[in-house]
Amino acid sequence: MELEAIDLRLSFPQPDKSVQTVLDIERLSIAQARTVGLTGPSGAGKTSLMYALTGIQPLDRGTVRWGDVDITGLGQRECDRWRRINVGIVFQNFHLFPGMSILQNVTLPATFGRTGIASIRDRAKEVLSKVGAPDHRRRVETLSRGERQRVGIARALLLKPRLLFADEPTANLDAENAEQVTDLLFDLAAEGTTLFVISHDRRLLDRLDTSFRLERGVLSDPEEAA
Amino acid sequence: MNPIPVTFSDMRTNAAGIIAIVALIAVAVALGVGISAQERAVRQGGNVAAEPFDVLIGAPGSTTQLLFSSVYLQPAALDLVDGEVLRELAGREGVASFTPIAFGDNYRGMPIIGTTAGFTTLDDTAPLVEGTTFAGLYEAVVGHDVELALGDEFTPVHGMIETGEEQVEHEHDHVHYHVVGRMARRFSPWDQAILVPVESVWSVHGLGTGHEEPSSIALAMATEEGGRAEGDEHEDERAAEHDHGGPVALGPPWSALHIPGVPAIAVTPASIRDAYVLRTEFRNDPRTTAIFPAEVLLELYALIGDASTVLAVVSVATQVLVVGAVLLAVFSALQQKREALGVLRALGAPRVYVFLAVWLHVVLMVLVGSALGVALGWGVALGISAILAERTGLVLPVLITGKEIGLAGVLVAAGMILAAIPAVTVYRQSVSEVLRS
C-alpha cells in the first residue's frame with residue numbers, strides 16, 4: 001500500500017494580513033515498508049507535512065491517499081479512526097501522560113475505540129519488552145528521557161500501525177540513547193512498517209531508504225540511500 | 001471508548017487542587033443539606049413532643065412560654081392557673097380528660113412534675129414499660145431515660161432545675177418519693193422527667209391535696225392557715241408525717257374548698273369542635289389563656305422557616321459561586337492541558353473522547369463533592385441534634401430524604417450541564433493549531 005500526496009497546498013494568514021505558504025508540494029509517494037526521512041530548516045513546514053499526511057492538518061487543497069483511501073476526503077470521525085488503526089506517531093517531546101504508569105500510557109490508544117485495555121494488555125507488554133522499557137508499573141514521570149522515548153515508541157506501536165511517523169525522535173536524547181532509539185525504529189521498519197522520520201540527525205538520516213529536504217514548503221528531489 | 005484513565009491521571013497530577021475544589025463543593029452542599037435536615041428534625045422533634053398536648057390552659061401571659069414550659073419543660077416562672085379551673089373542667093362537657101402540670105421541684109436536675117396517673121400512660125395509649133403508675137401520694141413514675149430503678153427512693157429539691165445555689169434551692173428533706181414505674185419513651189424532655197401525683201406537689205409545698213377528705217395534711221394546714229409565710233421546712237415535716245400514711249384520693253375531681261393553682265393544664269377535648277370551643281372560652285376567660293401547642297409551634301416554625309429560607313438562599317448562592325469557581329479553575333487548567341488533549345487527538349482519539357475526558361473531570365468533582373456534602377451535612381445535623389438533645393431533652397431525628405438528595409442532585413445536574421462548556425471548547429479546538437502552538 002502506498003502513501004501518496006498530490007498537489008498539497010497549505011498557507012497560513014500572517015498578522016500583517018499577508019499569507020505565508022507553508023506547503024506547496026506537487027507529488028510525494030512513499031511505498032509500503034520504505035523508510036523515508038524529511039529534513040529542512042526550522043519553519044520549513046516539516047511538521048505541517050507530517051500532520052497533513054496523517055489527516056490532522058486540514059489543507060487548502062490537495063489529496064492524501066493511503067492505498068485506495070482518500071484521507072483528505074474522510075470525515076472527522078472516519079479520519080480519527082483511520083489514524084487510530086493505521087498510524088503511529090512518535091513525538092520529539094514524548095508527550096506521555098503523567099499520573100499514569102508506563103503500561104497505562106502504552107495502552108491508552110486502546111481506550112479510544114472498542115478495543116479495550118484488557119484485550120491489549122499482553123500486546124502492550126510485548127512491545128514494551130521489544131523497546132526495552134523498564135518495569136511497566138512505574139509512573140512515567142520517574143523515567144529518564146531515553147526511557148520516555150522508548151515508551152513513546154511502544155505506544156505508537158501498540159495497534160500495529162502500518163505507518164509510523166516520528167518527529168525528531170532523537171533530538172532530545174543523548175548519543176547513546178539516540179542510537180538505541182534509531183536501532184529500534186529500523187527494527188520495526190524491517191517488519192514491514194512504513195517509516196517517515198523528521199530529523200536532523202545525520203546518523204539516522206543516513207540509514208533511511210530515501211530522504212527529502214523541505215524548504216519553504218517545497219520538497220527537493222529525493223536522495224536515495226547509497 | 002473509555003476516557004476515564006485520562007481523567008483519573010489528570011486528577012492524580014492535580015490532587016491538591018482537586019481535593020480543595022471537592023472540599024469547597026462538599027461544604028457548600030453540606031450547608032444546604034444540613035439546614036434542610038436540621039429544620040425538618042426540629043419540626044418533627046417538636047411535633048412529637050407536643051403530641052400529648054391538645055389544648056394547654058395557663059394563666060394569662062406568654063403563650064410561647066406556656067408551650068415551652070409545659071411541653072418542653074423549660075424552666076420558667078409561670079403564673080398559676082386558679083385551682084377553680086380544675087374544678088370546672090371536671091364536670092365540663094367536651095372535655096375527655098385533663099391533667100394539671102405542676103412543676104417546681106427537681107431531683108438531680110430532672111424536673112419533678114405533678115400530674116395525674118392517667119398522664120403517665122397518656123390515658124392508656126402509651127403503657128408503662130415497667131412497673132405500675134402511682135397510686136400513693138409519694139409514688140413516682142419516671143421518664144424513660146431517668147436513671148432511677150423501680151424501688152429507688154429520692155428526695156426532691158425545690159426549684160425546677162439544679163442550680164447548686166443554696167439560697168435558691170433546698171431539699172424537701174422529709175419527703176421521699178418511691179419509684180414504682182417507668183414511662184414509655186416520648187422522644188421529648190419528658191423522658192428525663194419524674195412524674196408524681198399533683199397532690200404530692202401541692203402537699204410538699206403546704207397547699208393541701210386538693211381533696212376534701214380530712215387527711216392529716218389538710219387538717220394540719222387548716223389549723224395553721226394564715227399563720228406562716230414561706231415555711232417550706234415545716235410543710236415538709238407535715239408532708240412527711242403524712243408520707244405513706246393513710247390513703248389519699250388522687251386525681252380529679254378535686255373537691256377541696258380551696259384547690260391549689262397549677263402552672264398549666266393539659267386538656268384532651270372530646271372532639272375537634274370541642275377543642276376550638278375550649279380554646280376560645282378559656283382565652284376569653286380573664287383568669288386564663290389557652291393554646292393549641294401545634295398552632296403555636298406552626299408560628300415558631302414559620303419563624304424558623306424564614307430563617308432557614310435565608311440560609312438556604314445563602315447556601316444556593318454559595319453553591320453557584322463554588323460551581324463558578326470550579327469552572328474557572330477548569331478553564332485555567334485547560335490552558336495547560338490543551339497540548340495533552342491535542343496529543344490524544346493526534347493519537348486517534350475521537351473528539352467525543354476528549355469531550356468526555358474533560359466533562360467527566362468536572363462531573364466527578366461535583367459528584368464526589370456533592371456526595372461528601374450530603375454526608376457532611378447529615379453528620380453536622382446529627383451533631384447539632386445531639387447537642388440540642390443533650391441540652392433540651394428533645395429528640396430531633398435527622399433524616400436525609402429525597403429533598404436533601406434533590407438539593408445535591410440539582411447541583412450535580414447543574415455541574416453536568418455546565419461541565420459541557422469547557423468540554424465543548426476542547427471538542428471544537430483544532431488539533432493542528434493546538435499541537436503547533
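Here, each number is a calculation from the coordinates, and none is a lab measurement. Note that the structure is a prediction, hence the values are computed from the model and not measured. As a convention, Cβ positions derive from the backbone with ideal geometry for all residues, glycine included, and neighbour counts pool all protein chains shown.
Quick one: Karplus J couplings for the range A:6-23, per residue in order, coefficients 6.51, -1.76, 1.60, θ = phi - 60°, nearest Hz, x for Gly and Pro?
Taking θ as phi minus 60°, the curve returns 10, 6, 7, 9, 9, 9, 10, x, 9, x, 8, 6, 7, 10, 9, 7, 9, 9 Hz for the range A:6-23.
For the range A:1-101, what is the largest minus smallest coordinate of the Cα atoms on each principal axis, given in angstrom and ordered from greatest to least?
45, 38, 28
Determine Rg/Rh for the range B:307-349; Rg is computed over alpha-carbon atoms and Rh is the Kirkwood hydrodynamic estimate from the same atoms. Walk me through the numbers on the way to the answer.
Numbers: Rg = 17.6 Å, Rh = 12.7 Å.
A ratio of 1.39.
For chain B, what does the relative contact order come out to in percent, with C-alpha contacts under 8 Å and a separation of six or more?
Numbers: 787 pairs, mean separation 125.6, N = 437.
This gives 29 percent for chain B.
Considering the convex hull of the alpha carbon atoms of the range A:26-161, report its projected area averaged over all viewing directions, in nm², one decimal. Don't skip to the end; give the middle numbers.
Details: hull surface 38.4 nm².
So the mean shadow area of the Cα hull is 9.6 nm².
Please tell me the relative contact order of the range A:116-185 in percent, rounded to the nearest whole number, where contacts are Cα pairs under 8 Å and at least six residues apart. Don't jump to the answer; show the numbers that get you there.
Numbers: 42 pairs, mean separation 20.9, N = 70.
It rounds to 30 percent for the range A:116-185.
For B:M110, A:M100, which order do you get if you count the other beta carbons within 10 Å of each Cβ and list the fewest first? The partial results should precede the final answer.
Numbers: B:M110 25, A:M100 22.
Fewest-to-most Cβ neighbours within 10 Å comes out as A:M100, B:M110.
Report P(r) for chain B: all Cα-Cα distances, bin width 20 Å, range 0 to the bin holding the largest distance, values in whole percent.
Pairs per bin, as whole percents: 22, 37, 20, 15, 6, 0.
What's the longest bit of chain B with no exposed GluC sites (Glu not before Pro), using DSSP loop states and at most 10 other Cβ atoms within 10 Å as the test? Don't skip to the end; give the middle numbers.
Details: sites that count: B:E93, B:E147, B:E165, B:E166, B:E230.
Answer - B:231-437.
What are the ³J(HN,Hα) values, in whole Hz, obtained from phi via the Karplus relation 6.51 cos²θ - 1.76 cosθ + 1.60 with θ = phi - 60°, for each residue of the range B:78-92 in sequence order, with x given for Gly and Pro?
Whole-Hz 3J(HN,Hα) from phi for the range B:78-92: 9, 5, 8, 7, 3, x, 4, 5, 4, 5, 5, 5, 4, x, 8.
After finding the eigenvalues of the alpha carbon gyration tensor for the range A:145-224, what semi-axes result from the square roots of 5 times each, listed largest first in whole Å?
In descending order, the three semi-axes are 21, 16, 12 Å.
Starting from the Cα gyration tensor of the range B:67-162, take the square roots of the eigenvalues, sort them a ≥ b ≥ c, and report rounded, prolate or oblate (rounded when a/c is under 1.5, otherwise prolate if a/b is larger than b/c, else oblate). Can you show the working numbers first?
Details: a/c = 1.93, a/b = 1.22, b/c = 1.58.
Oblate, because a/c is 1.5 or more while a/b does not exceed b/c.
With just the Cα atoms of the protein assembly as shown, tell me how far they stretch along each of the three principal axes, in Å, largest first.
Principal extents (largest minus smallest coordinate, Cα): 139, 47, 40 Å.
If each of B:I304 and B:L327 carries a label point 7 Å out from its Cα toward its Cβ, how far apart are those two points in nm?
3.6 nm
If each residue's Cβ is checked for other Cβ atoms within 10 Å, how do A:E147, A:E2 rank with the fewest at the top? Intermediate values should be presented prior to the final figure.
Values: A:E147 19, A:E2 12.
Listing A:E147, A:E2 from fewest to most nearby Cβ atoms yields A:E2, A:E147.
Please average, across the residues of A:137-143, the number of beta carbons from any other chain that are within 10 Å of each residue's own beta carbon, and give a whole number. Working shown, then result.
On the way: counts 0, 0, 3, 1, 1, 0, 0.
Average per residue, whole number: 1.
Among B:V48, B:V42, B:V262, B:V313, rank each residue by its count of other Cβ atoms within 10 Å, from fewest to most, as a rough exposure measure.
Working: B:V48 16, B:V42 22, B:V262 28, B:V313 11.
Starting with the residue having the fewest Cβ neighbours, the order is B:V313, B:V48, B:V42, B:V262.
Could you list the trypsin sites (Lys or Arg not before Pro) in the range A:1-92 that lie in coil according to DSSP, counting only those with at most 11 other Cβ atoms within 10 Å of their Cβ?
Details: sites: A:R9, A:K17, A:R27, A:R34, A:K46, A:R61, A:R65, A:R77, A:R81, A:R83, A:R84; in loops: A:K17, A:R34.
Passing both the DSSP loop test and the Cβ count: A:K17.
How big is the charge dipole of chain B about its Cα centre, in debye rounded to the nearest 20, if each Lys and Arg gets +1 on its Cβ and each Asp and Glu gets -1 on its Cβ? Walk me through the intermediate numbers first.
Details: 23 positive and 48 negative charges, 964 e Å.
So the magnitude is around 4640 debye.
Given the C-alpha atoms of the range B:1-139, compute the convex hull and give its volume per residue in Å³.
Cα convex hull per residue, to the nearest whole number: 263 Å³.
May I ask you to list the lysines whose Cα is less than 25 Å away from that of A:K130, ignoring any residue fewer than eight positions away on the same chain?
Within the straight-line cut-off, A:K130 pairs with A:K160.
Along the charge dipole of chain B, Cβ charges K/R +1 and D/E -1, which of B:S271, B:V412, B:V204 sits furthest on the positive end?
B:V412
Testing the spin-label approximation: label points 7 Å from Cα along Cα→Cβ at B:A77 and A:F12. State their distance in nm.
Here the modelled spin labels are 8.9 nm apart.
Three principal axis extents, largest first, for the C-alpha atoms of the range A:156-195, in Å?
28, 17, 15
Can you compute 3J(HN,Hα) from phi for each residue in the range A:41-53, using the Karplus curve 6.51 cos²θ - 1.76 cosθ + 1.60 with θ = phi - 60°, rounded to whole Hz and x for Gly and Pro?
Karplus values, whole Hz, x for Gly and Pro: x, 4, x, 6, x, 4, 5, 4, 5, 4, 5, 5, 5.
I need to check one value: relative contact order of chain A, counting alpha carbon pairs closer than 8 Å and at least 6 residues apart, in percent.
Working: 434 pairs, mean separation 62.9, N = 226.
Taking the mean separation of contacting Cα pairs over the length of chain A, I get 28 percent.
In Å and from the alpha-carbon atoms only, list the Rg and Dmax of the range A:90-226.
Cα-based Rg and Dmax for the range A:90-226 come out at 15.5, 46 Å.
Beyond 16 Å, what percent of the Cα pairs of the range B:1-69 remain?
Numbers: 1654 of 2346 pairs.
Roughly 71 percent, once rounded to a whole number.
If you bin the C-alpha pair distances of the range B:267-308 every 10 Å from 0, what whole percents do you get?
Bins of 10 Å from zero give 28, 40, 24, 9 percent of pairs.
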